[in-house]
1. Mind checking which residues of region 61-83 are in contact (Cβ under 8 Å) with a residue 24 or more places away in the chain and either of a type in the set (Asp, Glu) or under 10 Å from Ile117 (Cβ atoms) (or both)?
2. Could you please find all residues in region 56-88 being among the aromatic types (Phe, Trp, Tyr) and modelled with pLDDT of 85 or more?
3. I'm trying to understand the selection: among the residues of region 95-112, which are without any contact (Cβ under 8 Å) to a residue 40 or more places away in the chain, outside any loop (DSSP other than H, G, I, E, B) and not polar (S, T, N, Q)?
Amino acid sequence: MDPKPVEAFGASLQGRAKTRSSRSQTLIQMLSRLYFVLFILSITTPLLIRPPMIFHAKVYQIGDKYGIEALKKQASNKIERIVNEGEVTTKYARDLVDAITVVYTTTPPGDRGLRDIVVQNAHEDLDELMPQNPIQRGPSD
C-alpha cells in the first residue's frame, strides 16, 4: 500500500484541526466584540435590549455552553453592575425575578457565578422589593 494517501489523509486531518481551532478563536472574538457592541448600544439606546438582566444571563449561558470563560465573566460583571446600581422599582423587581428564573434554569447547578449574584441582591433588596403593608391587619382581639 502506498503511504502517500495515508500521509495526505493525516495532513488533511491536521489541517482541519487547525481550521477548527482558528474558527473557534474567530467565533470567540466575534461573540465578544458583538456582545461589547450590543452593550454599548444598549447604553445609548435603552430600548434595544430589554430587560438587560435577562439578555446578559442568556449570554452567560451561551458562554457556558461553548466553554467561553471570558464571555461568562463579562456577562457576570454586567449583571452584577446592573443589580448593584439599579434603582429598586416594580419593573426592576419583575426583571430580577425573571433573571433569577433564567439563571436557575439555564446554568448548571454547580455553577454559582450568576446564581450567587442574583440571590444575594434579592436578599439585600428584600425590604425594598416587598410591599410596605402587604396585609391589612384587623383590630386585635
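1. Asp64, Ser76, Ile79, Glu80, Ile82, Val83
2. Tyr60
3. Hits for region 95-112 are Val97, Ile100, Tyr104.
The values are calculated or read from the model by the stated rules, or taken from the named source; none is laboratory data. It should be emphasised that the depicted structure is a prediction, and the values quoted were computed from it without experimental measurement. Methodologically, a virtual Cβ is constructed for each residue, glycine included, from the backbone with ideal geometry; neighbour enumeration extends over all protein chains shown.
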